[in-house]
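First comes the structure, then the notes that go with it.
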Amino acid sequence: METKAVSRDSRPAELGVECQIVHVTVGRLRIRVPRIAADAAYANRLNWLLESFDFVTSVRINPVASCLIIYHHPEVPILTLAEQLQQVMQQAEEPELPVGVLTKTELRPMINWIERLGLPVFSLGLAWVASRLLPIPPLLVGGVVAAAAWPFVSRVFEMAKRQQFDTDLLDVLWLGLYTVKGDFVAPALMVSLIETGEALRDTTARSNERQVFDLLSGIDRYAWVERDGQEVRIPLKEVQRGDRVVVSAGEIIPVSGRVLRGTALIDEHKLTGESSLVSRSEGQVVHASTQVLEGKLCILTKRIGKDTRVGLTVELLRSAPVYDTRVQDYASHIANAAILPTLLLSGLLLVLTRDFSRAIAPLHLDFGYGMRIAVPSTVLAALTYAARHGIYIRSGRALEMLSQVDTVVFDKTGTLTQGNAEVVGVKTVSRRISQAEVLRVAASTELNNTHPVAAAILRAAEARRLTPYPCDTWDYRIGFGVIAQIDGQRVLVGSERLLQQENIDTSPIHVRYPDLKTDSQSVVYVARDGKLLGVILYTDPPRPESRELIAKLHAQSIETYMLTGDNQRVAERVAGQLGIERDHVYAEAFPDRKVEMVKALRDQGRTVAFIGEGINDAVALAHADVSLSFASGIDMARETAEVVLLDDDLRGIVHAIAIAKRAMSIVYQNTAIIAIPNIGVVAAGILFALDPVLSVIISNGAALIAELNSLRPFLDPDSDPIAQWIEQMDAALTPPEAASAATPVFSPA
């Protein structure tokens, strides 16, 4: 094969990305892009875009070495490839990928097992034949083994250039020493098992990606929408929230929303992985990418595009989630810290025993490789399973923290309550001021506010056909209310605390209506030109599932707290309805107070989950150990949260915790599966000069078993044979009195 090396700096001004072509061969281009080492999201977008081209067969990214390797059809001119690369690097600068990329990337090829394992398996066969049947020249066999091991060895060299070392260094030394010794079977077997494990990990990820993008393949680019009593076919990108989308038998539902009329039999297996069919009728929720088999539906659009379940699942893949956990970090740290002592121990054993096999036995101590392939697969499987069940978890870290949660802190309005506040009354400070005027002034200031109470005020004003005043200026004080300028007058709409900060006396309304201090309704104060006009009373009933959720959390010994900007009286009434302890309720808790409470709980050694959906919750979300929000929450809350409940159902919290605990249990199992055989192999090698082939089978075979075990989160717990066996063992070992006292807290749907 003809080879040539090219090196040049390319810094196009319009790209803003430094890159360097370091090597070119026929069908292969290697480029150094420093940014991919520090920006995982950019690297991920670059990878997706490059593989969308038909002439690109595969792409490999090595963030440690800041290198990008592109395999392409040999007939493609290098200049054409360079031009395409410049365009792609510019596109990858954009946080949102261009339209059409998703449909292209669904054609990404699966792992080529022959290409990945052909040479390693051939080297193993050649080494076995040379050791058992034919006298093949050792130089030839060693060369083939070295060629098979080169991708693995080159990764170690790349890290060494950056002065970074991990336990792969020990494996390379072990491989090299045995190969130089002329014992080729064990090194060839190790390379084959290493490549098999990594190919299995990549296949798992790629298979999952293809399943997700398969959801998009059936969605038409157009949708039927009701307009003026007629069904009109429009581009899907023009569909808006609130549109009435009509879906007939055989069609894929393009949006998520609520059924307005009709009944249909729906196949959801592509979305949820469950094969059973479901019936949906008026008032029930349907999801994008599911298929109507029988019937016809008119759907009120609630979510479109990336806000749907499938859209957020695709975002999960595109946003380059971090799959590592602290367990993996600890194992890797311990293994890496053992590199120097291991090398010293090998040298000491060689001096003392003069036995080559015993001396290099410690070099087989490698937790890092097994954890590196098993943990990401476990996390990816759990995140995918969660997304299919309406829970979007951003990272392995969030999954790990979720499994350890012992305290859940809730915002009240819109989280524990329905967020569909309703105005139930208006009271004025005097008869000279009309209720309509108070409501009209309040509505005029709330036009740009997304808070549920603001929406209730606007609905009430619209019902009374009150036209809002033009608003000159508008300032939202998070957690307090709104200050606006209307017709040259300063208007305040919000909490009593807001008015007190502005030195406005609120006592006249309480003198006229003493019951305001004891009523169960919440209150919004309205003032103009430094004087109180009146108050608006509203109610916000709890979500139907809130009480059930609190009970399930308490059954798991998870404490619950409620924070709200509302007054103490209303807060205690809602907490009493839901079963939250009175001393765990904090009223008039504005954003800074919410952060203080979260920090205080964390300082007590608790693992705190905070769930909220409003702009005043964003800071508290950022300070919690793990944060949760709804897909329907404001953008800031949804983007800040590490866990998003796609179905806007609080019961998803318990399901998310169950998924996280199961996933981390599998991670701990894999840690034991990998660590115990590794330690045993090293000990046996030192004491008994264990056969190197047997040591490879035990050590690297354990890593493959751990990788297979890491696929279990894809399964429902009810269909997981290992989980059922563990449950049976626990039941057999649990005393009868303890078993009778146990309370089941969750069973996934």
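Could you tell me whether D168 is of a type in the set (D, E, K, R) and touching a Lys or Arg at 6+ places or on another chain (Cβ under 9 Å)?
Considered against the rule, which asks whether it is of a type in the set (D, E, K, R) and touching a Lys or Arg at 6+ places or on another chain (Cβ under 9 Å), D168 comes out as yes.
Can you confirm whether G685 is buried (at least 24 other Cβ atoms within 10 Å of the Cβ) and out of contact with any Pro (no Cβ under 8 Å at 6 or more places or on another chain)?
Details: buried (at least 24 other Cβ atoms within 10 Å of the Cβ): yes; out of contact with any Pro (no Cβ under 8 Å at 6 or more places or on another chain): no.
Spelling it out, it is not the case that G685 is buried (at least 24 other Cβ atoms within 10 Å of the Cβ) and out of contact with any Pro (no Cβ under 8 Å at 6 or more places or on another chain).
Is it the case, given these coordinates, that L271 is in contact with a Leu (Cβ under 8 Å, 6 or more places away or on another chain) and at pLDDT below 80? Reasoning before the result, please.
Details: in contact with a Leu (Cβ under 8 Å, 6 or more places away or on another chain): yes; at pLDDT below 80: yes.
So L271 passes the test.
I need a count of the residues in the stretch 456-473 that are surrounded by fewer than 18 Cβ atoms within 10 Å (Cβ to Cβ) and either part of a helix (DSSP H, G or I) or without any contact (Cβ under 8 Å) to a residue 12 or more places away in the chain (or both).
Count: 4.
Step by step: first the residues of the stretch 218-235, then only those that are at pLDDT below 85 and under 16 Å from V292 (Cβ atoms), then the one that is surrounded by the fewest Cβ atoms within 10 Å (Cβ to Cβ). Which residue is that?
It comes out as D220.
Looking at the stretch 620-629, which of the residues that are touching a residue at least 40 places away in the same chain (Cβ under 8 Å) and within 17 Å of K412 (Cα to Cα) is farthest from the chain's Cα centre (by Cα)? So that I can check it myself, show each step before the final result.
In the first step, residues of the stretch 620-629 are kept if they are touching a residue at least 40 places away in the same chain (Cβ under 8 Å); the result is 620, 624-626.
Checking which are within 17 Å of K412 (Cα to Cα) leaves us with 620, 624.
Values: A620: 19, A624: 16 Å.
Residue satisfying both the conditions and the ranking: A620.
Among the residues of the stretch 644-660, which ones are under 19 Å from T417 (Cα atoms) and within 17 Å of the chain's Cα centre (by Cα)? Talk me through it step by step, then tell me what you get.
Of all residues in the stretch 644-660, those under 19 Å from T417 (Cα atoms) come to 644-654.
Passing the criteria: V644, L645, L646, D647, D648, G652, I653, V654.
For the stretch 622-645, which residues satisfy the criterion of being among the hydrophobic types (A, V, I, L, M, F, W, C) and at pLDDT 80 or above? Working first, answer last.
Start the filter on the stretch 622-645 by keeping residues that are among the hydrophobic types (A, V, I, L, M, F, W, C), which leaves 622, 624, 626, 628, 630-631, 634, 636-637, 641, 643-645.
Answer for the stretch 622-645, where residues must be among the hydrophobic types (A, V, I, L, M, F, W, C) and at pLDDT 80 or above: A622, A624, V626, L628, F630, A641, V643, V644, L645.
State whether one or more residues within the stretch 11-26 are within 29 Å of the chain's Cα centre (by Cα), at pLDDT 75 or above and of a type outside the set (S, T, Y).
No: the stretch 11-26 contains no residue that is within 29 Å of the chain's Cα centre (by Cα), at pLDDT 75 or above and of a type outside the set (S, T, Y).
Return the total of residues in the stretch 148-180 being surrounded by 15 or more Cβ atoms within 10 Å (Cβ to Cβ), closer than 23 Å to C67 by Cα and without any contact (Cβ under 8 Å) to a residue 60 or more places away in the chain.
Final tally of qualifying residues: 7.
Step by step: first the residues of the stretch 508-530, then only those that are assigned to a helix (DSSP H, G or I) and without any contact (Cβ under 8 Å) to a residue 40 or more places away in the chain, then the one that is farthest from P452 (Cα to Cα). Which residue is that?
That would be V511.
So, in the stretch 478-507, how many residues would count as being surrounded by fewer than 17 Cβ atoms within 10 Å (Cβ to Cβ) and either without any contact (Cβ under 8 Å) to a residue 60 or more places away in the chain or in contact with a strand residue (DSSP E or B) (Cβ under 6 Å, 6 or more places away or on another chain) (or both)?
Residues flagged as surrounded by fewer than 17 Cβ atoms within 10 Å (Cβ to Cβ) and either without any contact (Cβ under 8 Å) to a residue 60 or more places away in the chain or in contact with a strand residue (DSSP E or B) (Cβ under 6 Å, 6 or more places away or on another chain) (or both) within the stretch 478-507 amount to 11.
The values are calculated or read from the model by the stated rules, or taken from the named source; none is laboratory data. Given the structure is predicted, the values throughout are model-derived calculations rather than measurements. Because the Cβ atoms are built from the backbone with ideal geometry, glycine has one as well, and the counts that use them run over all protein chains shown.
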